[in-house]
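Remarks on the structure that follows.
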Amino acid sequence: MGKNKLEKFADMASYPHVFEYPYSVVDNVPFDLKGLWHDTFFKNDHPIVLELGCGRGEYTVGLGKMFPEKNFIGIDIKGARMWTGATEALQAGMTNVAFLRTNIEIIERFFAPGEVSEIWLTFSDPQMKKATKRLTSTYFMQRYRSFLQPGGLVHLKTDSNFMFT
């Protein structure tokens, strides 16, 4: 286990803007905020933007600072990485940023139809040998359609020529 990983997990467990639902938990527990992110968590009707595979969450926090009129949710399975952005958002008192620790394969369990206006895929692993694991694959795009608003946007930021092509 990585250095300080357990401390970071314990720290994030107390963060009001971090939700942790890895596979083992999600199978038996419904997600209470599905369809209620605006009313219950953000307490506004600003557009919701997801960053999938957010890593350390620095991009999610940066977008939150640049666009205070939008709500941002960083999503990744690696909780110890996410701690960096989650801690920065907490210390800055940001109310338009949240983090969700889960597998993107089950993303549709957390958002209701039309609840999300934009998705950012930032420097995703190109998964050259396993197309079905690629966050831009048909498998994932169909999941995104289940909660993305009509006319919603999917932004792709990559440094991979393979992914760009």
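Here are some notes:
- Restricting the range 1-106 to trypsin sites (Lys or Arg not before Pro) that sit in a DSSP loop and have at most 11 other Cβ atoms within 10 Å of their own Cβ leaves Lys3, Lys43.
- Counting beta carbons within 10 Å around each of Leu153, Leu148 and listing the fewest first gives the order Leu153, Leu148.
- An oblate overall shape is assigned to the range 52-119, the ratio a/c of its alpha-carbon gyration tensor axes (a ≥ b ≥ c) being 1.5 or greater and a/b not exceeding b/c.
- Here the simple spin-label model places points 7 Å from the Cα toward Cβ, and for Arg145 and Thr84 these points are separated by 3.5 nm.
- Cα-based shape type of the range 1-115, given that a ≥ b ≥ c are square roots of the gyration tensor eigenvalues and the cut on a/c is 1.5: oblate
- Potential extension, Leu6-Ala112 segment - 0.36 nm per residue separation minus Cα distance: 34.9 nm
- The ranking of His46, His155 by Cβ neighbour count inside 10 Å, starting from the fewest, reads His155, His46.
FYI, it's all coordinate maths here, none of it is from the lab. Quick caveat: nothing in here was measured; it's all calculated off a predicted structure. Glycine gets a Cβ as well: all are built from the backbone with ideal geometry, and neighbour counts include every protein chain shown.
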